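Undergrad: Pasting a structure here, questions to come.
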Amino acid sequence: MCRTNTRRGNLIPIALTIAGSDSGGGAGIQADLKAFSALGVYGASVITALTAQNTRSVTMVEPASAPMIAAQIAAVFDDLDVRAVKLGMLGGAEAIKTVADGLRGRTLPVVLDPVMVAKSGDRLLPTGAVEALRHLALPMATLLTPNLPEAADLLATTPATSEAEMTAQGHALRALGPQAVLMKDGHGAGDTCVDLLITEAGVTRLTATRRATRNTHGTGCTLSAAIAAGLAQGMGLHDAVARAHTYLQGAIAAADGLRVGQGAGPVHHFHALWPVEPAPGIRKGARHD
């Protein structure tokens, strides 16, 4: 289902990603725009930081200035009929405040992926900015999508190790302002990965086989962007999350066939458009964040 862009007569829904750039192409702005496109949504972007990274490491991070972030937000909303926003790597406290100011008063769904640490283990959000994320970004969120370490970081506690603990932490995060929380079990254990969508109405379980592969770079970015794409298309939250979950599982299952980089490679965002075969001896699939 597409909503009409009444100002331009455009039938293509538009989603905006506000996040950092990944020079390796697997996460951040690049992953978000790929997910938007794969699901039939036009993607606009606001870059909060440049990163020099590949599948093995992040070697440099350079934040965009607050005026530049504000100018990008103003330029996009001045011309484009944005229907949903995805927030990813925001970089620091000043950037978080700038983004919050830029979105204040806009009535549209916001999916917040609280990016704190890269797949390589490099920290992408300074510890001093976590408080700003809690108090300025979380209250803007229609949906917060933390993995287990991120949820624990936001709550200043230890990562959940059971569904009961995940549920409790999800409710605690909802109390900080987001309308709903998707607790992601990618860092958990066991043969089945169980994500929990926690809303005012209750808890919904989404399950997938936990698969072994190193090619999981950008899974969190991709999932949150896919959810934002559904919301931009007019889907309800539960339907948008369910479709995004299925889409990501397909992208993970096809990831090994890409053979990009020498470290944690990306998922295959366009698996439905140009399928690839996995490399010999590599098992399909992966866990997700």
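The values are calculated or read from the model by the stated rules, or taken from the named source; none is laboratory data. Please read these numbers as outputs of a predicted model, since none were measured by experiment. Glycine also receives a Cβ, built like all others from the backbone with ideal geometry; neighbour counts cover every protein chain displayed. In case anyone asks, the SASA skips ligands and DNA or RNA and just uses the protein heavy atoms, side chains included. Shrake-Rupley method; radii C 1.70, N 1.55, O 1.52, S 1.80 Å.
Undergrad: Would you please list the contacts, defined by Cβ atoms under 7 Å and residues six or more apart or on different chains, that run from a residue in region 35-63 that is over 16 Å from G25 (Cβ atoms) to a residue that is among the small types (G, A, S) and in a helix (DSSP H, G or I)?
TA: Between residues of region 35-63 that are over 16 Å from G25 (Cβ atoms) and residues that are among the small types (G, A, S) and in a helix (DSSP H, G or I), the close pairs are L39/A226; L39/A229; V41/A229; V41/A232; T48/A95; P63/A95.
Undergrad: Counting only residues that are within 16 Å of R205 (Cβ to Cβ) and either touching a Ser or Thr at 6+ places or on another chain (Cβ under 9 Å) or open to solvent by less than 40 Å² (accessible area, probe 1.4 Å) (or both), how many does region 166-184 have?
TA: Count: 9.
Undergrad: Okay, moving on. Which residues, counting only those in region 123-180, are touching a Pro at 6+ places or on another chain (Cβ under 9 Å) and hydroxyl-bearing (S, T, Y)?
TA: T142, T145
Undergrad: Additional query: Against the definition (buried (at least 18 other Cβ atoms within 10 Å of the Cβ), at pLDDT 95 or above and not basic (K, R)), how does L16 come out, yes or no?
TA: Here the answer is yes, as L16 does meet what is asked.
Undergrad: For region 155-182, give me each residue that is in contact (Cβ under 8 Å) with a residue 12 or more places away in the chain and β-branched (V, I, T).
TA: Scanning region 155-182 gives T157, T161, T167, V181.
Undergrad: What number goes with the only condition from (1) touching a Leu at 6+ places or on another chain (Cβ under 7 Å); (2) over 17 Å from L112 (Cβ atoms) that A244 does not pass?
TA: Here A244 clears every test but (2).
Undergrad: Could you please give the count of residues in region 201-225 that are of a type outside the set (S, T, Y) and within 13 Å of the chain's Cα centre (by Cα)?
TA: Of the residues in region 201-225, 6 are of a type outside the set (S, T, Y) and within 13 Å of the chain's Cα centre (by Cα).
Undergrad: Exactly one of (1) within 19 Å of the chain's Cα centre (by Cα); (2) in contact (Cβ under 8 Å) with a residue 24 or more places away in the chain is unmet by A152. Its number?
TA: (2)
Undergrad: Oh, and also: Would you mind listing the strands (runs of 3 or more DSSP E) fully within region 54-155 where at least 1 residues are open to solvent by 60 Å² or more (accessible area, probe 1.4 Å)?
TA: Passing ranges, in order: 58-63.
Undergrad: If you scan region 226-269, which residues turn out to be of a type in the set (A, V, I, L, M, F, W, C), open to solvent by less than 10 Å² (accessible area, probe 1.4 Å) and in contact with a His (Cβ under 9 Å, 6 or more places away or on another chain)?
TA: Of everything in region 226-269, those that are of a type in the set (A, V, I, L, M, F, W, C), open to solvent by less than 10 Å² (accessible area, probe 1.4 Å) and in contact with a His (Cβ under 9 Å, 6 or more places away or on another chain) turn out to be A226, I227, L248, A251, I252, A255, V267.
Undergrad: Please name all residue pairs, on different chains or six or more residues apart, with Cβ atoms under 6 Å, provided the first residue is in region 251-280 and is of a type in the set (F, W, Y) and the second residue is at pLDDT 90 or above.
TA: F270/A38
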